[in-house]
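Asker: Let me give you the structure first, and then I'll get to my questions.
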Amino acid sequence: MRRFVLQRDEDVTGISGTGVVAEGLLFSNDIAVLQWLGPWPTSVVWHVEGMKSIEHVHGHSGSTQIVWLDG
């Protein structure tokens with residue numbers, strides 16, 4: 001398992017804000033779990049494409065980076 005956060009430099013949607021906006025876990029089978037922070041916390045599980053899906057959906061063309069907390 002590896003822990004990560006989503007670090008958002010620009011909030012292009014105006015919903016989640018900037019800074020660390022979500023925490024996540026990547027399991028050894030490439031399934032990723034994402035927990036949104038803030039006043040409306042939500043959990044999301046990505047079964048297909050794991051981190052690739054998270055980057056595609058939430059990366060906003062480079063406005064959000066995946067920051068790994070574990071090696």
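The values are calculated or read from the model by the stated rules, or taken from the named source; none is laboratory data. Small disclaimer: the values here were computed from a predicted structure and weren't measured. When we count neighbours, we look across all protein chains shown, and the Cβ atoms used for this are built from the backbone with ideal geometry, even at glycine.
Asker: Scanning the stretch 34-53 for residues that are closer than 13 Å to residue 66 by Cα and without any contact (Cβ under 8 Å) to a residue 24 or more places away in the chain, which turns out surrounded by the fewest Cβ atoms within 10 Å (Cβ to Cβ)?
Answerer: Per the stated criteria, the residue is 52.
Asker: Something else about it: Quick check: anything in the stretch 5-25 small (Gly, Ala, Ser), modelled with pLDDT under 80 and touching a Phe, Trp or Tyr at 6+ places or on another chain (Cβ under 9 Å)?
Answerer: Yes: one or more hits.
Asker: Show the residue pairs that are 6+ apart or on different chains and have beta-carbon atoms under 8 Å apart, the first residue being within the stretch 11-27 and acidic (Asp, Glu), the second being modelled with pLDDT of 95 or more.
Answerer: Close Cβ pairs satisfying both conditions: 23/3; 23/4; 23/5.
Asker: I'm trying to understand the selection: among the residues of the stretch 37-52, which are out of contact with any helix residue (DSSP H, G or I) (no Cβ under 8 Å at 6 or more places or on another chain) and within 13 Å of residue 6 (Cβ to Cβ)?
Answerer: Those that are out of contact with any helix residue (DSSP H, G or I) (no Cβ under 8 Å at 6 or more places or on another chain) and within 13 Å of residue 6 (Cβ to Cβ): 37, 38, 42, 44, 51.
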